[in-house]
Amino acid sequence: MSVLRNDADSWGAPAKLFHWVMAALIFAQIALGLAAVGWRVSPTKLNLFVWHKSTGLLILALLVLRLLWRLSNRAPDLPREMAPWERAAAHLSHFLLYALMIALPLTGWVIASASNVPFKIFWLIPLPAIVAPDKAVEDLFSSVHGWLVALLALVLVAHIGAALRHHYVKRDAVLSRMLPWGTR
């Protein structure tokens, strides 16, 4: 059971699984979005958008499960030697990552709804519209979605950079305790 639950020193297996699966999905999602936007109008472009939208909703669903797991398991303690500004930055970056994992799929859903193009998640499950068709709303939320992607990229760079700094410069366990083969 100790492998499943978080403890003061390390993340449990479910937390690690959520982290790495969602990280992979987010990077795939960014690639799919960029490919879909840049592709010429064709069936391939439409398929890329279906994959992009479906993956976004999968990330949102996994986030709900991840948050439920996170609420039932305390996070490992941050290293005692971390400066107050580092603790604040860690909390802020995690908050922003969670907020963006909610905001991006929701703004994408608004774009899909406002564009009035019917959509089925992974070609199977119809997704209901959450706004009426409206070109101005579609354009506004497309812009917001793009800015949120840029913010996500910045937060990911900071998150990954901080993890690498902890591992290679500070030589503490912040990164290793989240690695699948990390300390336990």
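Miscellaneous remarks
- Unique residue being within 20 Å of SER143 (Cα to Cα), surrounded by 15 or more Cβ atoms within 10 Å (Cβ to Cβ) and not β-branched (Val, Ile, Thr) when the list is HIS19, HIS52: HIS52
- Residues of region 107-127 satisfying the condition of being closer than 26 Å to LEU65 by Cα, surrounded by fewer than 16 Cβ atoms within 10 Å (Cβ to Cβ) and touching a residue at least 12 places away in the same chain (Cβ under 8 Å): LYS120, PHE122, TRP123, LEU127
- So THR44, is it hydroxyl-bearing (Ser, Thr, Tyr), part of a helix (DSSP H, G or I), surrounded by 15 or more Cβ atoms within 10 Å (Cβ to Cβ) and modelled with pLDDT of 95 or more: no
- Looking only at region 80-106, and only at residues there that are without any contact (Cβ under 8 Å) to a residue 24 or more places away in the chain and assigned to a loop (DSSP other than H, G, I, E, B), the one that is surrounded by the fewest Cβ atoms within 10 Å (Cβ to Cβ): ARG80
- Scanning region 128-150 for residues that are surrounded by 13 or more Cβ atoms within 10 Å (Cβ to Cβ) and either among the hydroxyl-bearing types (Ser, Thr, Tyr) or in contact with an Asp or Glu (Cβ under 6 Å, 6 or more places away or on another chain) (or both) gives a single hit, SER142.
- Meets criteria (under 20 Å from ALA8 (Cα atoms), surrounded by 12 or more Cβ atoms within 10 Å (Cβ to Cβ), in contact with a His (Cβ under 6 Å, 6 or more places away or on another chain) and not polar (S, T, N, Q)) for LEU175: yes
The values are calculated or read from the model by the stated rules, or taken from the named source; none is laboratory data. Keep in mind it's a predicted model, so treat the numbers as computed, not measured. Ideal geometry is used to build each Cβ from the backbone, glycine not excepted, and the neighbour counts take in all protein chains shown.
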